[in-house]
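Shown next, in structure tokens, is the structure this report addresses.
Read the figures in this text as sums done on the coordinates, not as results from a lab. Values in this document were obtained by computation on a predicted structure and should not be read as measured data. Cβ: placed from backbone, ideal geometry, glycine included. Neighbour counts: every protein chain shown.
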Amino acid sequence: MARDLDNLYQQLTLTNGEETEVLVEGETLEEASVRAERCMCAQLQTAKYYNKEALFGTMRKIWRLGRKVWFRELNSTFFLIEFEYANDKQKVLREGPWAFDKSLLLMGEIDSKQPISQIQLKHCSFWVRTHNLLPFSARAKKLGYSVGSSFVRVEDVEVDDSGCTWREYMRIRVVVDVTRPLLRGKKICIGGEGTVWTRFTYERLPEYCYHCGKIGHSFKDCTSPDANLEEDDVSKLPYGPWLKANSLGGRSRSGINFGSRSTAGAFPAMVPGLPGNARAYHMAHKPHNDNHRMKLAQHEGIAEMVS
Ligand SMILES: [Zn+2]
């Protein structure tokens, strides 16, 4: 609607009163730019009604910043988050993604010279686990960047002091374009000696669609023309809860984990459209010791407060 009006105004013949420009001092914009460094634009990825005050209150609690943060509605879609200190903004971005009532909270920097009507948020950072890596060569940091090259960009690859990872998967911090289907994995060919299918799981993955693979709606609400809404057997859909990483295992602090408790270990025997060698892999179940159980309870306690 706003863009339609912008186009309309560009075609109008302006009156003298409209044509005369208003001069805004550069200093005014500089002040705005400084303030923008402490601010973010945000949008909840859902078409459903939600209580904005509940969202704001919940984010204040789970971010645990200890300093002030203000939420202001910019329009019906976007709102502004202003932090008292710019460091708090970086902390929130670093520890994301964040979700409210299973929906992703998209956040992005603000260009103080960009009109609100032109704001577009579509990128979000996730920790992605790459499974089925080879014992040695495919565990180096450099390979992590290669495997993540199909995402918008790779922000980090978690390795130990030796420059490798030795757990059953490698964690890579990547920027995901939420307007596109999630990547379920990637074929990698190392040294021209055969191709390996590396499957991905996403930490703290919010609700997404098992038909089209996009974040922002459930498979029951998919509007994709290819979606087979008559299919009620989730295991036959091309995406599923198996793309959510098990809630344990991440090194970074997690405020909430929306990985499904009941389905985190489930991986389908058959994945339509995936290479045949992807079908045999199963997400490993680790026995939980008391320490793990306590951490899990902490995660779930916070999740229930939100949902
Ligand atoms: Zn969909």
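Within the same chain, lysines fewer than 8 places from Lys141 are excluded, and of the rest, those with a Cα less than 17 Å from its Cα are Lys186. Straight Cα distances below 18 angstrom link Lys52 to the aspartates and glutamates Glu73, Glu82, Asp101, Glu304, with same-chain residues fewer than 8 positions distant left out. Summing Lys and Arg as +1 and Asp and Glu as -1 over all other residues whose Cβ lies under 15 Å from the Cβ of Ser162 gives a net charge of +1.
Taking the centroid of alpha carbons for each part, region 137-156 and region 116-134 are 13 Å apart.
Across the cross-link table entries Lys48/Lys89; Lys89/Lys113; Lys68/Lys89, which are compared at the Cα atoms, the separations over 23 Å belong to Lys48/Lys89. For Arg153, the residues 5 or more places off, or on other chains, whose built amide H falls under 5 Å of its own are Val175. Computed over region 40-159, the quotient of the alpha carbon radius of gyration and 2.2 N^0.38 Å is 1.26.
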